[in-house]
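Quick notes on the structure that follows.
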Amino acid sequence: MATGPQRDYLGRAQAPAGARAAEIDVGLRAYMQRVFGLMGMGTAITGLVAYFTSISPTMLEMIYGTGLRYVVFLAPFAFILALSFGIHKMRASTAQMVFWAFSAVMGLSLASIFLVYTGQSIVSTFFVTSATFLGMALYGYTTKRDLTGWGSFLFMGLLGLIVASLIGLFVQSSALQFAISVIGVLIFTGLTAYDTQKIKEMYFAGDDGETHGKKAVMGALSLYLDFINLFLYLLRFIGDRR
């Protein structure tokens, strides 16, 4: 026997459950594509700025030959704080521009890796990082397992990594540096899957388009930081120094 369309408590016709699920799936894919698109563009900006800075003696002298190097080193943290605590007061387009500026400043601060490591090892490490990152991001997106429990474990590991890195500044130990590199790789590999699942779940909060735009920027920032840190720890682990 045929039945009419389902109606809500106000008597309004509702789309079939299958149609609503399909609509949500399409919206989620578009949202995640935007997140990864922003993250990828930010990574590209960082890489290009880092490379062209490293081959410019004038830029290298201006940054690393003066006190400006401290500004370049600390500026990315200021951008992260501005986005983390001020994004609610920004428009999504403004937050996106701040993210681009952050990516460029990160490029300035990372130009030194081209002076420390060979170009071939940087390129090979980038591809290893990309494969690892994409694999873990895909796992975080598709898994039915709740990764919330990873959060506290990874956070504690991150705190331990920071402490160990500070100790490493004063204690020159190859064994300690090796351990820091391995732990860093493991932590940011796990964070990639954890953050991807968290970003996916943020979509279902049902906010308007402007808020979704801001969420996309913050999601891109989280994944960008996972990628860059994973790359840097892998570079310390497998990179060839000049």
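The values are calculated or read from the model by the stated rules, or taken from the named source; none is laboratory data. The structure presented is a predicted model; accordingly, all values stated were derived computationally and were not measured. Cβ atoms come from the backbone with ideal geometry, glycine included; neighbour counts cover every protein chain shown.
General observations
- Some residue of the stretch 218-232 being among the polar types (S, T, N, Q), in contact (Cβ under 8 Å) with a residue 60 or more places away in the chain and closer than 26 Å to Met90 by Cβ: no
- Residue that is surrounded by the fewest Cβ atoms within 10 Å (Cβ to Cβ) [pool: residues in the stretch 143-158 that are over 18 Å from the mean Cα position of the chain (by Cα) and not polar (S, T, N, Q)]: Lys144
- Selected residue [under 14 Å from the mean Cα position of the chain (by Cα), hydrophobic (A, V, I, L, M, F, W, C) and over 19 Å from Ala44 (Cα atoms)] from Met136, Met106: Met136
- Near pairs, Cβ below 7 angstrom, 6+ apart or cross-chain, from the stretch 114-126 (at negative phi) to any residue that is modelled with pLDDT under 90 and in a helix (DSSP H, G or I): Thr125/Ile238
- Residue ID - farthest from Met202 (Cα to Cα), chosen from residues in the stretch 135-155 that are touching a Phe, Trp or Tyr at 6+ places or on another chain (Cβ under 7 Å) and part of a helix (DSSP H, G or I): Leu154
Quick grid of which residues meet (1) modelled with pLDDT under 90; (2) in contact with a Gly (Cβ under 9 Å, 6 or more places away or on another chain); (3) assigned to a helix (DSSP H, G or I):
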| position | (1), (2), (3) |
| --- | --- |
| Gly168 | yes, no, yes |
| Leu186 | no, yes, yes |
| Thr196 | no, yes, yes |
| Lys215 | no, no, yes |
| Phe231 | no, no, yes |
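Residue-wise test of (1) under 30 Å from Gln33 (Cα atoms); (2) buried (at least 17 other Cβ atoms within 10 Å of the Cβ); (3) touching a Cys at 6+ places or on another chain (Cβ under 6 Å).
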| residue | (1), (2), (3) |
| --- | --- |
| Ala179 | no, no, no |
| Leu186 | yes, no, no |
| Ala216 | yes, yes, no |
| Gly219 | yes, yes, no |
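- Selection from the stretch 54-85 of residues that are over 11 Å from Ala104 (Cα atoms) and β-branched (Val, Ile, Thr): Ile55, Thr58, Ile63, Thr66, Val71, Ile80
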